[in-house]
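The values are calculated or read from the model by the stated rules, or taken from the named source; none is laboratory data. For clarity, every value in this text was computed on a predicted model and none was experimentally measured. Glycine also receives a Cβ, built like all others from the backbone with ideal geometry; neighbour counts cover every protein chain displayed. Surface accessibility is based on the protein's heavy atoms, side chains included, excluding ligands, DNA and RNA. Shrake-Rupley method; radii C 1.70, N 1.55, O 1.52, S 1.80 Å.
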Amino acid sequence: MTMESSTQVQGFDWKQLFFSFEGRTRRSHFWIGWLVCLGLGVVFGWIPLLGFILSIALIWPNLAITVKRLHDMGYTGWLAAIPYAVGILGTFVAFTMIGATAFMNAAALENEDPAAIFAVVGPAIGLFGVMFLIGLGFLLWIGLTEGQRGDNRFGPNPKGLQGPGAH
């Protein structure tokens with residue numbers, strides 16, 4: 001058994017799915033890859049320091065499956081940056097809001113005033129909720145939207161189907 005055949009199981013190329021940004025992938029392969037990344041992330045989360053490093057390493061395969069799914073839909077892979085950009089920017093804004101509110105209401109926070117504490121944390125929780133919904137919406141969009149029929153600029157249809165009017 002060669003190395004090439006060991007990464008393929010009935011036409012399913014795991015190395016291509018998780019490590020390459022080239023080509024297209026169908027919805028079912030996207031969800032399989034996403035669930036594998038999720039499962040590994042949960043298991044790695046149980047390992048203190050090494051788990052953090054391994055979880056960061058999962059960004060590459062997660063991006064690879066996302067980019068190929070976007071390619072299948074006919075979009076550029078750069079759209080995969082949207083949830084990351086929203087997450088980074090939203091986290092920065094949330095912590096800035098918490099810091100500014102805590103600085104401006106320091107006396108009320110020292111007295112442990114529940115209204116002051118909610119004023120500090122409440123907007124940040126709302127912002128994190130919006131960030132979660134944007135990420136979930138993006139995941140469902142790329143995971144449920146049908147790919148383009150036929151070949152597109154990113155490669156042949158992974159289902160082998162041709163576009164309308166093809167024979």
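Assorted remarks:
- Surface composition of region 32-167: carbon and sulfur atoms hold 76% of the protein heavy-atom accessible area at a 1.4 Å probe.
- Largest to smallest in accessible area, the residues HIS71, HIS29 fall in the order HIS29, HIS71 (1.4 Å probe, all protein chains included).
- Per-pair calculated FRET efficiency, R0 = 22 Å: VAL42 and THR145 via Cβ, rounded to 0.05: 0.25
- Exposure of ILE125 as accessible area (Å², to 10), given a probe of 1.4 Å and all protein chains: 100
- Sorted largest first, extent of region 47-167 alpha carbons per principal axis (Å): 76, 35, 18
- The calculated FRET efficiency for LEU136 paired with LEU54, based on their beta-carbon distance and R0 = 22 Å, is about 0.35.
- Summed over qualifying helices (DSSP H, 4 residues or more, each -39500 (n - 2.57)) and divided by its residue number, the chain shows a 222 nm mean residue ellipticity of -22000 deg cm²/dmol.
- Cβ-derived FRET efficiency at R0 45 Å, LEU79 paired with ASN111, nearest 0.05: 0.40
- Ordering MET104, MET131 by accessible surface, largest first, gives MET104, MET131; the 1.4 Å probe counts only protein heavy atoms, with every chain in place.
- Per residue, region 11-116 exposes 60 Å² of solvent-accessible protein surface, assessed with a 1.4 angstrom probe and all protein chains in place.
- Taking a Cβ cut-off of under 14 Å around THR66, the surrounding Lys, Arg, Asp and Glu residues balance to a net charge of +3, with basic ones at +1 and acidic ones at -1.
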